[in-house]
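The values are calculated or read from the model by the stated rules, or taken from the named source; none is laboratory data. Here the structure is a predicted model, which is why all the values come from computation and not from measurement. So basically every Cβ, Gly included, is an ideal-geometry build from the backbone, and we count neighbours across all protein chains shown.
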Amino acid sequence: MNEYDVIIIGGGAAGLMAAGKAAERGQKVLLLEKMNQPGRKLRITGKGRCNLTNVSPMREFLEHIGENSRFMRHAFSEFFSQDLIDFFEKKGVPITVERGQRAFPTSELAQDIFYALVKWVEKNRVFVKKEATATKLITEDNEIKGVIANNISYFAKKVILATGGASYPATGSTGDGYRLAKNVGHTITEICPALVPFETKGKIAQQLQGLSLKNVKASIWFDGKKQGEEFGEMMFTHFGITGPIVLTLSRKFAKELKFKKAITLSIDLKPALDDTKLDNRLVRDLNEHGKMKFGSVTRKWLPGKLSVISCDLLKISPHKLCNQISADERKRIRVWLKDFRFDINGTRDFAEAIITSGGIDLKEVNSKTMESKLIKGLYFAGEVLDLDADTGGYNLQIAFSTAWLAAIS
């Protein structure tokens, strides 16, 4: 008879953690994984290095989650970043903390995190069914009774839904959890790709393909005003713009990027200089190199590829001598260096998104247990919830903490 104490749906970071912890506590656990191997997304996270968590203090950590951060307070009080690091180090995976308080396996191999979880799951005798796609939650009188997968019924009084979001669908995250939860009455907030590159109008980004800009400030504009900004690194691609600050902005404005038509990205190429200091710098350089061609002097201000196209963008001949640059032209240069604009078409799709914004409405989930407020015995963990955070180890910690709490509840 297919009877268990706990059934976990989804064998990603959250699913493996929940399965191992529930089994460690003496439960008979079944893990249903739709792919031929669990942990596919986990093995490629952080470009294969696995940014496991972030060791910032909790208050600072919560700021990176944003409006739904209060929901995570209890889960983090049960299992937080240092607990996670200790957990893996006890399983033979040393952890190193790098710039920005980001924690990685010292080996820089995501697969070491994956193998540690799999060995733990095996040691605790979790029953793992691969290529098992859950299609229905079995309920009766608002209580969970089991799961149907591949037309086979599996029974348990506790089910943890840890199917992930809709990002990187090739790894198995195709939004199954949203459908399963919705079919038993849960509300799904609007889902959008997040931590995802921008697509831009025109050919300028294409001309700059491969160019990285460091220490720049990027801001999002719509409805006639600046809505948010980030400082750091970005890169141009054949379709638009990517890089850490762009990914962070894409998460903060995921829904606006999906539904608003007129959105602009402004890049401040010289954020360390205010208008006056920048103007003084331009005056000095143009005077010092008065006999040089303008196109040559732009290389002092800009990296190669951007220097090459800057004259076209500024509508100033590259052959014009610097001592012939007018005050109006100098103002044009200054304004452009502080406000290099791109019209945003939208974002890349879920196939390139690191995470999903949106998910199971948190109002319908008990933050102290991760149990559904609608269906007794149904619990949630990880990205299937309407929880997402900036890049930097925050999202994996959310997955592990919610899974831990669901398992001990």
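For ALA149, indicate whether it is surrounded by 19 or more Cβ atoms within 10 Å (Cβ to Cβ), closer than 12 Å to ILE7 by Cα and out of contact with any Gly (no Cβ under 9 Å at 6 or more places or on another chain). Criteria met by ALA149.
Quick grid of which residues meet (1) of a type in the set (Gly, Ala, Ser); (2) more than 30 Å from THR200 (Cα to Cα); (3) assigned to a loop (DSSP other than H, G, I, E, B):
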{"position": "ILE309", "(1), (2), (3)": "no, no, no"}
{"position": "ILE316", "(1), (2), (3)": "no, no, yes"}
{"position": "ASN345", "(1), (2), (3)": "no, no, no"}
{"position": "ALA389", "(1), (2), (3)": "yes, no, yes"}
{"position": "GLN397", "(1), (2), (3)": "no, yes, no"}
{"position": "ALA407", "(1), (2), (3)": "yes, yes, no"}
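Quick one: in the stretch 289-307, of everything that is assigned to a loop (DSSP other than H, G, I, E, B) and of a type outside the set (D, E, K, R), which residue is surrounded by the most Cβ atoms within 10 Å (Cβ to Cβ)? It comes out as LEU302. Under 25 Å from ILE44 (Cα atoms), in contact (Cβ under 8 Å) with a residue 24 or more places away in the chain and in contact with a strand residue (DSSP E or B) (Cβ under 8 Å, 6 or more places away or on another chain): is that true of ALA170 in this structure? Answer is no for this residue. Among the residues of the stretch 18-48, those that are at pLDDT 95 or above and in a helix (DSSP H, G or I) comprise ALA18, ALA19, GLY20, LYS21, ALA22, ALA23, GLU24. The requirement of being more than 21 Å from LEU396 (Cα to Cα) and free of Cβ contacts under 8 Å to residues at least 12 places away in the same chain is fulfilled somewhere in the stretch 19-31, by at least one residue.
For the stretch 366-379, a residue qualifies if it is of a type outside the set (Ser, Thr, Tyr), in contact with an Asp or Glu (Cβ under 8 Å, 6 or more places away or on another chain) and crowded, with 24+ Cβ neighbours inside 10 Å, and exactly one does: LEU378. Looking at ILE113, ILE65, just one residue is touching a Cys at 6+ places or on another chain (Cβ under 6 Å) and either of a type in the set (Val, Ile, Thr) or in a strand (DSSP E or B) (or both), and that residue is ILE113. The numbered conditions (1) at pLDDT 95 or above; (2) part of a helix (DSSP H, G or I); (3) touching a Phe, Trp or Tyr at 6+ places or on another chain (Cβ under 8 Å) are all true for ASN51 except (2). Going by what's in this entry, would ASP112 be described as in the same structural domain as ASN183 (by TED's automatic domain parsing) and exposed (fewer than 13 other Cβ atoms within 10 Å of the Cβ)? Against the criterion (in the same structural domain as ASN183 (by TED's automatic domain parsing) and exposed (fewer than 13 other Cβ atoms within 10 Å of the Cβ)), ASP112 does not qualify.
Yes or no, residue by residue, for (1) touching a helix residue (DSSP H, G or I) at 6+ places or on another chain (Cβ under 7 Å); (2) over 24 Å from GLY165 (Cα atoms); (3) surrounded by fewer than 20 Cβ atoms within 10 Å (Cβ to Cβ):
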residue	(1), (2), (3)
LEU31	yes, no, no
ARG49	yes, no, yes
LEU52	yes, no, no
SER56	yes, yes, yes
ARG59	no, yes, yes
SER77	no, yes, yes
LEU84	yes, no, no
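Kindly check whether there is at least one residue in the stretch 127-137 that is more than 29 Å from the chain's Cα centre (by Cα) and either assigned to a helix (DSSP H, G or I) or in the same structural domain as ALA19 (by TED's automatic domain parsing) (or both). Looking for residues that are more than 29 Å from the chain's Cα centre (by Cα) and either assigned to a helix (DSSP H, G or I) or in the same structural domain as ALA19 (by TED's automatic domain parsing) (or both), one finds at least one in the stretch 127-137, hence yes. Just a yes or no: is a residue in the stretch 201-216 over 23 Å from ILE263 (Cβ atoms), in the same structural domain as LEU302 (by TED's automatic domain parsing) and not polar (S, T, N, Q)? Looking through the stretch 201-216, at least one residue is over 23 Å from ILE263 (Cβ atoms), in the same structural domain as LEU302 (by TED's automatic domain parsing) and not polar (S, T, N, Q).
Residues that are within 21 Å of the chain's Cα centre (by Cα) and surrounded by 21 or more Cβ atoms within 10 Å (Cβ to Cβ), at least 2 per element: which helices (runs of 4 or more DSSP H) completely within the stretch 169-284 meet that?
By residue number, 176-182, 244-252, 254-259.
For the stretch 314-322, check the following and say yes or no: at least one residue is crowded, with 16+ Cβ neighbours inside 10 Å and of a type in the set (S, T, N, Q). The answer is no; no qualifying residue exists.
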